[in-house]
1. Please list, ordered by first then second residue, the pairs with beta carbon atoms under 8 Å, 6 or more apart or interchain, first in the range 19-34 and touching a residue at least 60 places away in the same chain (Cβ under 8 Å), second in a helix (DSSP H, G or I).
2. Tally up the residues in the range 68-112 that are touching a helix residue (DSSP H, G or I) at 6+ places or on another chain (Cβ under 8 Å), in contact (Cβ under 8 Å) with a residue 60 or more places away in the chain and farther than 17 Å from Glu27 by Cα, please.
3. Of these, Ala94, Ala85, Ala75, Ala101, which one is closer than 15 Å to Leu51 by Cα, of a type in the set (Gly, Ala, Ser) and at pLDDT 95 or above?
4. State whether the residues of the range 50-67 include one that is under 16 Å from Glu120 (Cα atoms), in contact with a helix residue (DSSP H, G or I) (Cβ under 7 Å, 6 or more places away or on another chain), of a type outside the set (Asp, Glu) and surrounded by fewer than 18 Cβ atoms within 10 Å (Cβ to Cβ).
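The values are calculated or read from the model by the stated rules, or taken from the named source; none is laboratory data. No experiment lies behind these values; they were computed from the predicted model shown. All Cβ positions, even for glycine, are placed from backbone atoms using ideal geometry, and neighbour counts span all protein chains on display.
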Amino acid sequence: MSELRVLVDGIELSAEWADENPETRAEIERALPIEGDATRWGEELYFESDLDIPAESTRAAVEPGALAYWPPGNAICLFWGPTPASTGDEPRAASPVNVFAHADVSTFQPEPGGATLRIEAGTE
C-alpha cells in the first residue's frame with residue numbers, strides 16, 4: 001500500500017509523500033490526478049503542468065525516485081538516475097526543484113524516449 005501511485009506507460013511505482021516542501025505537496029495533492037506526456041532528459045521524465053507553484057525548499061541534486069516540481073517550467077519531474085546536469089551517478093535537475101514525494105524506482109526500467117506519466121492518490 002502506498003500514499004501515491006505513479007504510472008509510467010502502465011508501469012506502477014509506489015510512492016510516499018515527502019515532508020520538505022509542504023506547500024508544494026498540498027498543491028500537488030489538491031490537483032491529483034496529474035498526467036502528462038513526459039519528455040525524457042537522461043534518467044528523468046518531466047511534463048509541463050497547469051500548476052503554478054513558487055519555489056520552496058529547492059535543490060538541484062535529488063535522490064533516485066524523487067518526484068519534484070520544477071518552478072521555472074511548471075513541470076512535474078520523476079528522477080531515477082543521472083541526467084545531463086549530473087556530475088556523477090546522482091540525479092540532478094536542470095535547476096532547483098521542489099521535491100514533494102519519493103517513488104520506489106529500484107526495479108524501474110523504462111523504455112527509451114518519452115512516456116505518459118501519471119500521479120494519483122494511492123491506497124492506504
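1. Note: pairs meeting the criteria are Ile34/Ile28.
2. 0
3. Working: Ala94 fails: closer than 15 Å to Leu51 by Cα; Ala85 fails: closer than 15 Å to Leu51 by Cα; Ala101 fails: closer than 15 Å to Leu51 by Cα.
When all the criteria are applied, what remains is Ala75.
4. Yes - at least one qualifying residue is present in the range 50-67.
Table: residues versus (1) closer than 13 Å to Tyr46 by Cα; (2) surrounded by fewer than 21 Cβ atoms within 10 Å (Cβ to Cβ).
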| residue | (1), (2) |
| --- | --- |
| Gly81 | no, yes |
| Glu90 | no, yes |
| Ala103 | no, no |
| Phe108 | no, yes |
| Leu117 | yes, no |
